[in-house]
Amino acid sequence: MAKKLEKIYPWIVVALLWVVALLNYMDRQMLSTMREYIAMDIAQLQQAEAFGVLMAIFLWIYAIVSPFAGTVADRLSRKWLIVGSLAVWSAVTLLMGYCTTFTQLKWLRGLMGVSEALYIPSSLSLIADYHTGKSRSLAVGIHMTGLYLGQALGGFGANLAAALTWQQTFHWFGIIGIVYAVVLIFCLKEARPAAVKTGDPSVIPSAAKESPAKASVWKSFGLIFSNIAFWAILFFFASSSMPGWATKNWLPTLFQGSLDIPMEKAGPIATITIAFASFIGVLIGGPLSDRWVKKNLKGRIYTSAIGLGMMIPALVLIGLGHGIVAAVAAGLIFGIGYGMFDTNNMPILCQFVPSRLRATAYGFMNTVGVAMGAVCTQVLGRMQDGGHLGAAFAVLGVVTAAALLVQLVVLKPVTDDMA
């Protein structure tokens, strides 16, 4: 029984972290759909630009902290970083229900950015260590579906705020996260050194008791940035992150205006459509990548490129289309493409960056991607105030096309798992 449990434990890790991923995106996404209700008590949020600033603060802090969060994850226990991160951002979510001023919300959103920045590099690095090439894209993709579902459930923030209050909504989800952090203390295990090479967490060599020598922080940074392929990964990840953050933060608002429906309907339509389609994209992109890479080392890159190719026309249709049919169709195409792209980011990184530096590298990817998302979020706030939000979404299709070109031309892997 114990050996059977050890054999399936890598998938148990994915299941445990799936719930954390759901809470990660749900807690941050709720604010975007509860804006109207919070604005009844905090008047500054009635201005779209002020709301954009509030959303961007989270992203800027998240971006600044991410590379250092990745470096910490490469050196300390990822289990405890994940547990601590979840506990802190859940406590922040709880406290947001007590806010009475715009300034209080800004401070708490900033703190949430710090705590959530620790999660993604730690979790993806842990999953990549537990899963070898034959299941890596699928495992990462399944974990990502937790993010998508969290985003979708966050779309019901307005509905919950209407049924309860926005304060109680924050309170309840904060408490749920704190309780689950306690569950992880007893259920989540750090990947043992031998598990990285064999995929079997039950193997414990004598050397596992000793911590391996780690390069200095600055030397690690130097090793990562001396890699030309990493610069290409950084560029296409950052470029593709802009439409990703745009749909998370502004698509409910765009649908509310273009479809002339209340946020209680626009929020779920926007978030559920993207999340459902992204889930399908993961189920397509994960197995396709894992099989394709066995025949061609660029298989993961080609799978990701197909996803980016789908996102380009979808963004144009989201921005310039009219009617519920066009909105849902565009959302479905974008979501499927984004899922295929998203599930392959860490597996592609594994082809160019060794295991000991992956959390740090992904931290830098988060930094640049989220920073671009922050800029995009603020710009879209101004575009919304000027009545040009739809056109801005269409322009993001051009940005995605540039990311696709760099990805296909520059990246030339020689292995699927750099040691």
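Looking only at the range 342-360, residues that are part of a helix (DSSP H, G or I) and either farther than 15 Å from residue 275 by Cβ or of a type in the set (Ser, Thr, Tyr) (or both) come to 12 in all. Cβ-Cβ contacts under 6 Å between residues 6 or more apart (or on different chains), taken from a first residue in the range 135-149 that is among the polar types (S, T, N, Q) to a second residue that is open to solvent by 20 Å² or more (accessible area, probe 1.4 Å), are listed as 145/279.
A quick yes/no check of all residues on (1) over 22 Å from residue 373 (Cα atoms); (2) outside any helix (DSSP H, G or I); (3) open to solvent by less than 10 Å² (accessible area, probe 1.4 Å); (4) touching a residue at least 40 places away in the same chain (Cβ under 8 Å):
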| position | (1), (2), (3), (4) |
| --- | --- |
| 52 | no, no, yes, yes |
| 60 | no, no, no, yes |
| 64 | no, no, no, yes |
| 82 | yes, no, yes, yes |
| 116 | no, no, yes, yes |
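Cβ-Cβ contacts under 7 Å between residues 6 or more apart (or on different chains), taken from a first residue in the range 167-189 that is closer than 30 Å to residue 41 by Cα to a second residue that is surrounded by 17 or more Cβ atoms within 10 Å (Cβ to Cβ) and of a type in the set (D, E, K, R), are listed as 173/27; 177/27. For the range 250-262, residues that are open to solvent by 10 Å² or more (accessible area, probe 1.4 Å) and part of a helix (DSSP H, G or I) total 5.
Assessment of the range 1-11 against the conditions (acidic (Asp, Glu) and outside any helix (DSSP H, G or I)) yields no matching residue.
Is it the case, given these coordinates, that residue 128 is in a helix (DSSP H, G or I), open to solvent by less than 10 Å² (accessible area, probe 1.4 Å), more than 20 Å from residue 234 (Cβ to Cβ) and not charged (D, E, K, R)? So residue 128 fails the test. Set side by side, the residues 418, 383 differ, and just one is surrounded by fewer than 24 Cβ atoms within 10 Å (Cβ to Cβ) and outside any helix (DSSP H, G or I), which is 418.
Taken over the range 214-239, the criterion of being in contact with an Asp or Glu (Cβ under 9 Å, 6 or more places away or on another chain) and open to solvent by less than 30 Å² (accessible area, probe 1.4 Å) is satisfied by 220 alone. The set of residues from the range 315-329 being touching a residue at least 40 places away in the same chain (Cβ under 8 Å) and in a helix (DSSP H, G or I) comprises 315, 316, 318, 319, 320, 324, 327, 328.
Rundown of residues vs (1) open to solvent by 40 Å² or more (accessible area, probe 1.4 Å); (2) of a type in the set (Val, Ile, Thr); (3) in contact with an Asp or Glu (Cβ under 6 Å, 6 or more places away or on another chain), yes/no style:
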site: 87; (1), (2), (3): no, no, no
site: 101; (1), (2), (3): yes, yes, no
site: 104; (1), (2), (3): yes, no, no
site: 110; (1), (2), (3): no, no, no
site: 120; (1), (2), (3): no, yes, no
site: 123; (1), (2), (3): no, no, no
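Among the residues making up the range 298-315, those that are of a type in the set (A, V, I, L, M, F, W, C) and open to solvent by less than 60 Å² (accessible area, probe 1.4 Å) are 301, 305, 308, 310, 311, 312, 314, 315.
The values are calculated or read from the model by the stated rules, or taken from the named source; none is laboratory data. Treat the numbers as computed from the prediction; the structure is a model and nothing was measured. Note that we place each Cβ from the backbone using ideal geometry, even for glycine, and neighbour counts take in every protein chain shown. Just so you know, the surface numbers come from the protein's heavy atoms only, side chains and all, with ligands and any DNA or RNA stripped out. Shrake-Rupley method; radii C 1.70, N 1.55, O 1.52, S 1.80 Å.
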